[in-house]
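Visitor: First, the structure itself, so that you have it in front of you.
Derivation of every value follows stated rules applied to the coordinates shown; laboratory data play no part. Just so it is clear, the structure is predicted and the values come from calculations on it, not from any experiment. For neighbour counting, all protein chains shown are included, and Cβ atoms are generated from backbone atoms with ideal geometry for every residue, glycine included.
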Amino acid sequence: MDRLLLQRHMRWSLCLLPALVSVALAPLADTLATPFLDGPDGTRWIVPYLLLMGMSFSIFGAIAMSLPAGSRSVERISLLGISIFFLATVVFVAGQRLTSGLRELEAFHEAGCIRIARGISLYGDGSDNLAGTYYPPLMYLIGGMFHYLAPYLPGYGRVVSLCSVLVSVYFVFRQACARFSSSTAGLWSAALFLATYGIMAKMYDWGLIDSL
């Protein structure tokens, strides 16, 4: 009994290993990455990315360890790791984008959110002037709520888009599980959905209505 308890503690302790390694490497990351990262931001984001990846794979280890023994196939464990990697990367890029200025089209949608937060009609009177927007109102209503609660927080349209993507991942996973009666199919679907970030013009974290 004591041996089994010790083995269990050791296994769960191993889940912390990626996070601990990322923390240990963080002080050296700038120096090691400088020759490979010569863009305008240099190595500014390497340490946050390293820490996020370490934390994500510790979470992956904890989830994998909690799976029933009969469901720990190589395919399922691999897909779980890939899905967590893609998800963490999308969240990281979205957080990184929050520090940059709004694009012109994003500013247009953000203005709609501000109109809602300030009690101004979103569409206006079409008989007197052009409508403010021809898009449906849900994104503006949610963004307007964010602006009302935190008016000095920039990029709330991007937060709405990111939350929409996370909800979409969940529904894609659940629908695939129900359709094929297999959580492995759900993981395949979630991983493939997240992997489309690049070919979808990287719009998952823009302050646009597309993700919603």
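Visitor: Please give the contour-minus-distance gain from Ala150 to Thr196: 0.36 nm per residue of separation, less the Cα-Cα distance, rounded to one decimal in nm.
Guide: Once the chain is fully extended between Ala150 and Thr196, it gains 13.4 nm.
Visitor: Still on this structure: Let me have the relative contact order for segment 49-207, percent, based on Cα pairs under 8 Å that are six or more residues apart.
Guide: With pairs under 8 Å counted, the relative contact order is 25 percent.
Visitor: Same structure again: Dipole of segment 51-181 (Lys/Arg Cβ +1, Asp/Glu Cβ -1, origin at the Cα centre): which of Ser164, Ser58, Leu149 lies farthest to the positive side?
Guide: Checked the options; the winner is Ser58.
Visitor: Counting alpha carbon pairs within less than 8 Å and at least 6 residues apart, what relative contact order, in whole percent, applies to segment 132-212?
Guide: 35
Visitor: Points 7 angstrom from Cα along the Cβ direction at Ala33 and Val21: gap in nanometres?
Guide: Output for this residue pair reads 1.6 nm.
Visitor: Need the full-extension length gain, Ala178 to Ala69, defined as separation in residues times 0.36 nm minus the C-alpha distance. One decimal, nm.
Guide: Contour length minus the Cα-Cα distance gives 37.1 nm.
Visitor: Mind listing the phi-derived Karplus ³J(HN,Hα) values for segment 185-190, rounded to whole Hz, using 6.51, -1.76 and 1.60 with θ = phi - 60°, and x for any glycine or proline?
Guide: 4, x, 5, 4, 5, 5
Visitor: How much length is gained if the chain between Arg44 and Ile114 is pulled fully straight, taking 0.36 nm per residue apart and subtracting their Cα-Cα distance, in nm to one decimal?
Guide: Separation in residues times 0.36 nm, less the Cα-Cα distance, equals 22.0 nm.
Visitor: A further question on this structure: Could you work out how far helix 17-33 tilts from the main Cα principal axis of the chain, as a 0 to 90 degree angle to the nearest 10?
Guide: 60
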